[in-house]
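Here the structure comes first, spelled out in structure tokens, and everything after it is commentary.
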Amino acid sequence: MSQGSLSTAPPTSSTMEKRSSFERISGDVVGNSKSDLGISPKSEQPQALEDEVIVVSQEELRKIHRKIDKRILPWLCITYLVMRIDVNNISNAAILNEEQGDDIKTQLKLTAQNWAWAIACFYYPYGFLEPISTMFIKSTTPSFWIGRIMVTWGIIVCCIAAVQNYAGLISTRVLLGAAEAGYYPGVIYYLAFWFKPEELALRVAVFYSFGQVSGFVGGFLAFAVSFANGVLPGWRWLFIIEGIPAILMGITTFFILPDFPQTAKFLHHRERDVIIQRLSNGAPSKMAKTWDKDQVLRLLADPTFWTFSATWFCHAIGGFGLSYVLPTVIYDLGFTTTALSNVLSMPPSLATFVLLNVLGWLVQMRKWNPYWVAMGLEIVNIICYVLLLTVDVVVVRYLALLVSTATAGSVYPILWPNRVKAAHGTTAAGIAIGITNAVAQFSGILGPQVFLSVYGPTYRVSFLICVGLLAGAVVFIAMSGALLGELGLDKFEFWRTENTQMEGSEPDMMDKDNSLYSS
């Protein structure tokens with residue numbers, strides 16, 4: 001069998017020997033049954049795809065992945081950047097032009113508790129609608145649903161600029177949460193239709209890191225807009241300026257984002273077959289039915305569903321709660337102006353971007369076990385919080401904030417591929433991703449309550465709560481890895497073991513694929 005050929009005859013023992021030999025030398029042999037792909041016997045799958053055994057070289061597979069990456073990842077990264085700017089701009093608006101008395105809290109006559117609720121109310125509809133909205137990625141199309149999310153949230157962000165009181169702010173924030181629900185988990189779900197879980201680490205890291213850059217960009221915009229305070233207060237300009245791009249990009253998404261491998265016009269027929277057939281057993285598929293009750297019941301009976309959810313909950317509050325009030329906490333540390341505090345909220349975002357991409361690359365190359373990496377990040381985060389509890393030097397406290405923000409922002413994307421891998425089936429994957437990300441929204445619901453300004457300027461109570469929750473996160477991460485047999489404790493080694501190949505998947509050389517950064 002020659003490289004890149006197609007074989008439609010049933011494989012004989014001789015053929016299997018050739019397949020094995022070819023695989024050892026240069027590439028990947030792909031070919032799953034219809035049940036592996038989540039396809040029912042009555043589905044209208046092309047006959048060729050059902051019977052073919054496609055042999056593809058490592059270089060060809062890398063080229064196909066690079067082609068997909070270039071088509072979908074840049075646009076997803078840019079839209080996620082805009083989304084996170086719109087989510088986090090409330091924290092920048094909190095202190096914008098406070099010295100002049102033109103800040104949002106003063107103009108709308110908000111108390112500390114009012115402000116905490118203004119932040120938290122976004123996350124109730126956002127978390128509740130996450131699983132439902134995620135499944136709409138499959139029942140409609142990704143381009144339509146992601147585009148719809150962006151257009152509606154952009155319109156509502158612009159409307160926040162017109163609110164005149166506390167009730168108006170709460171109403172628009174609730175609507176914004178409902179509008180944005182499903183974007184992030186929807187993208188994770190969408191990528192699972194294209195790539196194996198073990199190929200997602202670097203891609204999710206790159207995507208997620210652009211969301212962290214939003215703190216850098218948002219801080220810069222807030223600093224610049226603070227000088228536009230005049231006919232309209234600076235905070236109103238901030239919401240207008242940050243809402244318009246989402247509307248324009250959402251409309252563009254309708255036309256440029258590919259939906260599924262089966263319908264991707266930018267791929268040749270053979271390239272589509274390669275992507276579809278090499279997906280592992282239980283991977284989401286366009287051809288599978290959207291709702292399968294049995295998959296949901298199996299998901300809820302799986303102990304890893306609960307350990308992953310507990311991990312996301314503990315880290316949401318303990319690791320991420322601080323991010324929603326970071327400019328205020330920095331200001332309370334003793335820096336002189338609110339403008340400077342917004343500027344100083346930028347370096348932690350940049351540090352997260354760098355750290356996350358480095359760790360994603362290492363995990364993608366299968367050198368580091370993601371569970372140990374995540375636990376290490378949580379431990380570093382705990383150390384930083386202990387420093388914030390015990391050290392009074394402002395510079396040291398700021399550096400501890402910088403490191404803790406970077407480590408906290410890296411935990412979820414490092415673990416997401418393993419969370420996806422633990423769910424089997426199109427429905428199970430969508431529900432698992434949606435619910436898991438919904439649990440993460442407690443960062444916005446309880447995080448601002450933990451970091452109320454009444455606990456400032458030291459925030460001792462806040463950091464003690466976070467230390468306890470992060471310790472719990474370490475325990476649940478370890479339990480998740482142990483239940484899946486992926487901690488490598490039998491060899492007491494930090495490096496990833498060789499037997500972490502996903503159950504039911506063909507062994508291949510894509511474990512070392514780095515096509516995202518290939519030229």
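The values are calculated or read from the model by the stated rules, or taken from the named source; none is laboratory data. A quick note: this is a predicted structure, and the numbers were derived from the prediction, not measured. Every residue, glycine as well, gets a Cβ built from its backbone with ideal geometry; the counts of neighbours run over all protein chains shown. We work out accessible area using only protein heavy atoms, side chains counted, and drop any ligands, DNA or RNA first. Shrake-Rupley method; radii C 1.70, N 1.55, O 1.52, S 1.80 Å.
Identify all residues within the stretch 452-465 that are open to solvent by 30 Å² or more (accessible area, probe 1.4 Å), in contact with an Asp or Glu (Cβ under 8 Å, 6 or more places away or on another chain) and either part of a loop (DSSP other than H, G, I, E, B) or among the basic types (K, R) (or both); write none if there are none.
Within the stretch 452-465, P457 is the sole residue that qualifies.
Is it the case that some residue within the stretch 94-102 is surrounded by fewer than 19 Cβ atoms within 10 Å (Cβ to Cβ) and of a type in the set (G, A, S)?
Yes, the stretch 94-102 contains at least one residue that is surrounded by fewer than 19 Cβ atoms within 10 Å (Cβ to Cβ) and of a type in the set (G, A, S).
Of the numbered conditions (1) within 28 Å of C77 (Cβ to Cβ); (2) part of a helix (DSSP H, G or I); (3) modelled with pLDDT under 90, Q295 satisfies every one except a single condition; which is it?
(1)
Are any residues in the stretch 108-125 open to solvent by less than 10 Å² (accessible area, probe 1.4 Å), in a helix (DSSP H, G or I) and closer than 14 Å to Y183 by Cβ, and if so, which ones?
Selection gives Y123 alone.
Taking the condition at pLDDT 90 or above, within 19 Å of V363 (Cβ to Cβ), surrounded by fewer than 23 Cβ atoms within 10 Å (Cβ to Cβ) and among the small types (G, A, S), does A478 pass?
yes
Being at pLDDT 90 or above, surrounded by fewer than 22 Cβ atoms within 10 Å (Cβ to Cβ) and under 19 Å from N88 (Cα atoms) narrows it down to one residue among L176, L169; which is it?
Just a single option satisfies the conditions, and that option is L169.
So if I check each of F220, F195, F207, F216, which one is in contact (Cβ under 8 Å) with a residue 12 or more places away in the chain and not in a helix (DSSP H, G or I)?
F195
Looking at (1) open to solvent by less than 10 Å² (accessible area, probe 1.4 Å); (2) of a type outside the set (F, W, Y); (3) not in a helix (DSSP H, G or I), which is the only condition L202 fails?
(3)
How many of the residues in the stretch 137-160 are aromatic (F, W, Y) and crowded, with 20+ Cβ neighbours inside 10 Å?
2
Being farther than 30 Å from L267 by Cα and either more than 20 Å from the chain's Cα centre (by Cα) or among the hydrophobic types (A, V, I, L, M, F, W, C) (or both) is the filter here; which residues of the stretch 64-90 pass it?
I85, V87, I90
Do we find a residue being closer than 20 Å to Y183 by Cβ, surrounded by fewer than 22 Cβ atoms within 10 Å (Cβ to Cβ) and of a type in the set (K, R) anywhere in the stretch 55-62?
No; the residues of the stretch 55-62 include none that is closer than 20 Å to Y183 by Cβ, surrounded by fewer than 22 Cβ atoms within 10 Å (Cβ to Cβ) and of a type in the set (K, R).
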